[in-house]
Amino acid sequence: MLQSRQLRKYALGTILICSSLTAINHAQSDYQPSPENLQARREFQDMKFGMFIHWGVYSVLGEGEWIFHNRKLTLDEYNRLPSFFDPEKFDAQAWVALAKSAGMKYITITSRHHDGFAMFDSKVSDWNIVVRTPYKKDPLKMLADECHRQGIKLFFYYSQLDWHNPDYYPRGVTSWNNGRPDHGDFNAYLDTYMDGQLTELLTHYGPIGGIWFDGMWDKPDADWHLATTYALIHKLQPAALIIPNHHQTPKPGEDVQTFERDLPGQNTAGFNTKYVSSELPLEMSDTLNDNWGFNIGDSNYKSAAEVERRLVRAAGNNSNLLMNIGPYPNGEIDPQFVTRLHAVGGWLSKYGDSIYGTRGGPIPPGDWGVTTQKGDKIYVHVLNWSAPLLALPPISGKIAAANSLLDGKSITFTQNSDGVILRVPPVAQDEIDRVVVLIVNKAN
Ligand code: JFZ
């Protein structure tokens, strides 16, 4: 763990320096999002809460998805791993039902991570689950079918960084000597291998929510052929959203700006950009414990209340929350995750109106809480305020009524040119978010 964090810090420094010096990628510069794409962006924003899933052959070793790198394994050693990855308990129906019961509206799953191992039936390379594992089946196909059946959108995480393919050459900042030859054809890697797999993912699994890219930071100076890759995706499925985790200002052709383990613009993690797009939908990803992939030594689970708070803060910052779980190698999901997700779903069944379909509200987020809005309603989420009166800055429009979301009881308020004062209800038992609904007659 420590080792991997240190390395990431090192990698990060290099990335920041390199990326500030060079304009690296020629993205899809003449990109005009199609009407379907713009519609998909709005639907994406409405969904607000998604399930991130990191699952691969690395899950067997129970030390996260960077184990190949962290243990400095050779190719020959890592190649043994798929032969004992056999997720006999994988149940697509149960996974999707779990996401739904948590109030999540979409799933983003690793179709392949940095080990390059395709968790789907790929004809482009035999380094995939169907050929190399005793399981022999395509879990992404089962998951896609089940998502379509249960009305959940499915996105594919796809690592552009590859620790396995020799054509990923020259190698990047995370490389080590794992036995790959000192030559390779990066253009073939991008145009044949990667675009070939992306074509499979966008043609064999029905309508897909989009592709969540990760790993460009490994070779910040490389030409990633983004223009052709992004155009290919938008051609195959115009509504598919391109969501790059490159921690930089969005490039043309990209449809969502995503932030890793941080609220948009708040770079506490140290590797996110402070620039926040006012145009693109926003997303932040986070982990339910401290790891993405299954780590047997990680019991640092966030409580349901903590997840709810993060979701509310994300929504108040006009962002989605993509919350990660790392399933076991046998396909089961840690019961510790399950109980927490069920609890969050229970909370959302009461408070969901103030989250789903909303956008960030008119009042800047503060330590006290955030606001969201939808139609003529402003939802005031009081997360951290112990006094009976809460004073807020002025808002445009006249408040016609103020009610507590939980019980519909009316809330006393005053509104004048100085702002709005609410008499917030006392905290009910264990209530993490007191939501006051303001009905506002918009000023003309
Ligand atoms: C990346 C992956 O490496 C990680 O395994 C996981 O999939 C996450 C969602 O995305 O995480 C990163 C990427 C880059 C840095 C740190 C974490 N970085 O540059 O410091």
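The values are calculated or read from the model by the stated rules, or taken from the named source; none is laboratory data. These numbers come from a predicted model, not from an experiment. FYI the Cβ positions are ideal-geometry reconstructions off the backbone, even for glycines, and counts take in every protein chain you see. Each accessible area value is taken on the protein alone, full model and side chains, heavy atoms only, with ligands, DNA and RNA left out. Shrake-Rupley method; radii C 1.70, N 1.55, O 1.52, S 1.80 Å.
Structure above, values below:
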item	result
Selection within the stretch 209-219 - open to solvent by 10 Å² or more (accessible area, probe 1.4 Å) and either hydroxyl-bearing (Ser, Thr, Tyr) or touching a helix residue (DSSP H, G or I) at 6+ places or on another chain (Cβ under 7 Å) (or both)	Trp217
Which numbered condition Lys141 misses (of (1) within 21 Å of the chain's Cα centre (by Cα); (2) open to solvent by less than 60 Å² (accessible area, probe 1.4 Å))	(2)
Tabulated pairs, the stretch 60-81, first touching a residue at least 40 places away in the same chain (Cβ under 8 Å) and open to solvent by less than 30 Å² (accessible area, probe 1.4 Å), second charged (D, E, K, R) and within 16 Å of the ligand (Cβ to nearest atom), C-beta under 6 angstrom, 6+ apart or interchain	Phe68/Asp115
Qualifying residue in the stretch 239-256 (condition: surrounded by 22 or more Cβ atoms within 10 Å (Cβ to Cβ), polar (S, T, N, Q) and in contact (Cβ under 8 Å) with a residue 60 or more places away in the chain)	no
In the stretch 61-92, the residues that are in a helix (DSSP H, G or I) and within 16 Å of the ligand (Cβ to nearest atom)	Leu61, Ile67, Phe68, His69, Asn70, Tyr78
Qualifying positions in the stretch 101-138 - part of a helix (DSSP H, G or I) and open to solvent by 10 Å² or more (accessible area, probe 1.4 Å)	Ser101, Val130, Val131, Arg132
Every residue from the stretch 357-388 that is open to solvent by 20 Å² or more (accessible area, probe 1.4 Å) and hydroxyl-bearing (Ser, Thr, Tyr)	Ser386
Residue check for Leu154: open to solvent by less than 40 Å² (accessible area, probe 1.4 Å), part of a helix (DSSP H, G or I) and in contact with a strand residue (DSSP E or B) (Cβ under 8 Å, 6 or more places away or on another chain)	no
Qualifying residue in the stretch 292-305 (condition: open to solvent by less than 10 Å² (accessible area, probe 1.4 Å) and within 16 Å of the ligand (Cβ to nearest atom))	yes
Answer from Ile325, Ile333 - the residue that is out of contact with any Ser or Thr (no Cβ under 7 Å at 6 or more places or on another chain), within 16 Å of the ligand (Cβ to nearest atom) and β-branched (Val, Ile, Thr)	Ile325
Hits in the stretch 29-86 (condition: modelled with pLDDT of 95 or more and hydroxyl-bearing (Ser, Thr, Tyr))	Ser34, Tyr58, Ser59, Thr74, Tyr78, Ser83
Whichever residue in the stretch 315-366 is of a type in the set (Lys, Arg) and under 22 Å from Leu422 (Cβ atoms) and, among such residues, is nearest to the chain's Cα centre (by Cα)	Arg359
Residue in the stretch 47-54 that is within 16 Å of the ligand (Cβ to nearest atom), in contact with a strand residue (DSSP E or B) (Cβ under 9 Å, 6 or more places away or on another chain), open to solvent by 20 Å² or more (accessible area, probe 1.4 Å) and outside any helix (DSSP H, G or I) present	no
Any pair with Cβ under 6 angstrom, 6 or more apart, that starts in the stretch 87-116 at a residue that is in contact (Cβ under 8 Å) with a residue 60 or more places away in the chain and farther than 28 Å from Asp46 by Cβ and ends at one that is part of a loop (DSSP other than H, G, I, E, B) and open to solvent by less than 30 Å² (accessible area, probe 1.4 Å)	Pro87/Tyr135; Pro87/Gly331; Lys89/Gly331; Phe90/Gly331; His113/Gly56; His113/Glu65; His114/Leu161; His114/Trp163
Extreme residue, nearest to Asn295 (Cα to Cα), among residues of the stretch 328-346 that are buried (at least 16 other Cβ atoms within 10 Å of the Cβ) and without any contact (Cβ under 8 Å) to a residue 60 or more places away in the chain	Asp334
Per-region count, the stretch 117-133, residues more than 16 Å from the ligand (Cβ to nearest atom), touching a residue at least 12 places away in the same chain (Cβ under 8 Å) and hydrophobic (A, V, I, L, M, F, W, C)	4
